[in-house]
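J.: My questions all concern the structure below.
The values are calculated or read from the model by the stated rules, or taken from the named source; none is laboratory data. Predicted model, so just to flag it, every value in this text is computed and none were measured. A quick note on method: Cβ atoms are made from the backbone with ideal geometry, for glycine too, and the neighbour counts reach across all protein chains shown.
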Amino acid sequence: MHFETLAIHDGQAPDPATGAVTVPVYQTSTFEREDLEHRREFFYSRIGNPTRSALESTLALLENGRHGIAFASGVAAITAALQVLKPGDHVVAGNDIYGGSYRIFEHLMRPWGVETTYAPSEAAESYVECIRPNTRMIWLETPSNPLMQLSDIRAISSVARERGIVTAVDNTFPSPYFQRPLELGADIVVHSTTKYLGGHSDVIGGAVVTSDDALHRAIRNYQGAAGAIPGPWDCWLVLRGLKTLKIRMKEHEATAMHLARALDAHPAVGRVFYPGLPDHPQHELAKSQMSGFGGMLTVSLKGGFPAAKKLIEGTKLFIIADSLGGVESLISSPAKMTLGALSPEERRRRHCTDDLVRMSIGLENAEDLEEDLMNALATI
Ligand SMILES: *Cc1c(COP(=O)(O)O)cnc(C)c1O
């Protein structure tokens, strides 16, 4: 079956008790046992809840994986995926990863005894060169944030597999509609469902998907033991978002492409970072591992931070805010906002300069958004 059919039907059959067409919000903490000896499938909502189960099944299907495990946030999902490691293990991660992931690697994992090396470039060889005898995981985020650099999931995961290393991919930016890392050889996919999967800027959530039974067991046990689970209502909101994921992603992408071209032609703009543009250095890789280029784009302004500030503050339709993937277009300064907590040296290492402006392209009319950006650029 095709993606959009799975998103609407699978894991979400009408409610057996009432015939309700949408999965009910099972807002209950506990479930009656059949008797003292026999419990039902669900018995306590930290361990399992029917609304959460429906979300977990649907997410697994959309990533073409066997097991979905939902969490209270994207960072809770990332933390859970990293619990398959133990002190003494080593991780190789992308250079340009989500700031919150970097914080987990440096502030939670390192003191606990898991060291992370950041590959100096996005090239597959660069990851391979960082591998040590105790490397147990490679952590990829592709396209990356905010520079939209791609990592070759097929090439990297095949080297990792030969050496018994787990490959995990944060697939938040492309969503499973445009990229399915498990099909490309990865072992674990993580998501912030807060972004495109929820899609309406109204919920915080996360998920892990894997087809590996042993990884699933470990992460599922961690979910129940550590307890960072999403509530039933939050699961329901993400389930509702998933039903329209295809049509939203197609529209986000078409508008992002339109705006990337328009911005590329503007004299105040230095570079446009969007994998859909033919001059993006990894455009061919994008075409081979993604089925579309997504709705996120970043630009650098020739006029540096003052120009970036004018663009960000000069738009009327774009909302100045963190996050991404909602119906409304958002605009941000990576250096001041999402990566603002990093040290200046760390930002430099990541080439996160303050002339950058990141945009999450929403579902407004493309020409209205273009006019808004052009009006703001005209003030620079
Ligand atoms: C937002 C985000 C996260 C973290 O998700 P939360 O839901 O905010 O915890 C992780 N990875 C990426 C790529 C993100 O954009």
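J.: I'd like the full set of residues that are of a type in the set (S, T, N, Q) and either closer than 30 Å to residue 300 by Cβ or in a helix (DSSP H, G or I) (or both), limited to the stretch 221-256.
T.: If the condition is that a residue be of a type in the set (S, T, N, Q) and either closer than 30 Å to residue 300 by Cβ or in a helix (DSSP H, G or I) (or both), then 221, 223, 255 are the ones that fit.
J.: Using the structure shown, decide if residue 51 is assigned to a helix (DSSP H, G or I), in contact with a Pro (Cβ under 6 Å, 6 or more places away or on another chain) and modelled with pLDDT of 95 or more.
T.: Judged against the criteria, residue 51 is a match.
J.: So which pairs qualify, if the first residue must be in the stretch 25-43 and not assigned by TED's automatic domain parsing to the domain that holds residue 54 and surrounded by 13 or more Cβ atoms within 10 Å (Cβ to Cβ), the second must be of a type in the set (D, E, K, R) and modelled with pLDDT of 95 or more, the Cβ gap must be under 8 Å, and the two must be at least 6 apart or on different chains?
T.: From residues that are not assigned by TED's automatic domain parsing to the domain that holds residue 54 and surrounded by 13 or more Cβ atoms within 10 Å (Cβ to Cβ), there are no pairs.
J.: Considering only residues that are within 24 Å of the chain's Cα centre (by Cα) and in contact (Cβ under 8 Å) with a residue 12 or more places away in the chain, which ones fall in the stretch 3-24?
T.: Across the stretch 3-24, the qualifying residues are 3, 4, 6, 7, 8, 10, 11, 12.
J.: Select, from 194, 142, 167, the only residue that is free of Cβ contacts under 8 Å to residues at least 40 places away in the same chain and touching a Ser or Thr at 6+ places or on another chain (Cβ under 7 Å).
T.: It is 167.
J.: Give the number of residues within the stretch 54-78 that are surrounded by 21 or more Cβ atoms within 10 Å (Cβ to Cβ) and either within 16 Å of the ligand (Cβ to nearest atom) or under 20 Å from residue 42 (Cα atoms) (or both).
T.: The number of residues fulfilling the criteria is 16.
J.: Something else now. Could you run through the stretch 284-297 and say how many residues are farther than 24 Å from residue 363 by Cα and of a type outside the set (Gly, Ala, Ser)?
T.: Going through the stretch 284-297 one residue at a time, the tally reaches 3.
J.: Further, regarding this structure: Is one or more of the residues making up the stretch 181-190 closer than 19 Å to residue 359 by Cβ and charged (D, E, K, R)?
T.: Within the stretch 181-190, not a single residue is closer than 19 Å to residue 359 by Cβ and charged (D, E, K, R).
J.: Further question: Which one of these is touching a residue at least 40 places away in the same chain (Cβ under 8 Å) and in the same structural domain as residue 194 (by TED's automatic domain parsing): 99, 48?
T.: Answer to the selection: 99.
J.: Answer yes if at least one residue in the stretch 301-315 is crowded, with 16+ Cβ neighbours inside 10 Å and under 18 Å from the mean Cα position of the chain (by Cα), and no otherwise.
T.: no
Per-residue answers, yes or no, for (1) within 16 Å of the ligand (Cβ to nearest atom); (2) among the aliphatic types (A, V, I, L, M):
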position	(1), (2)
122	yes, no
128	no, yes
132	no, no
139	yes, no
145	yes, no
152	no, no
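J.: Where residues in the stretch 165-206 are within 14 Å of the ligand (Cβ to nearest atom) and among the polar types (S, T, N, Q), which of them is surrounded by the most Cβ atoms within 10 Å (Cβ to Cβ)?
T.: 193
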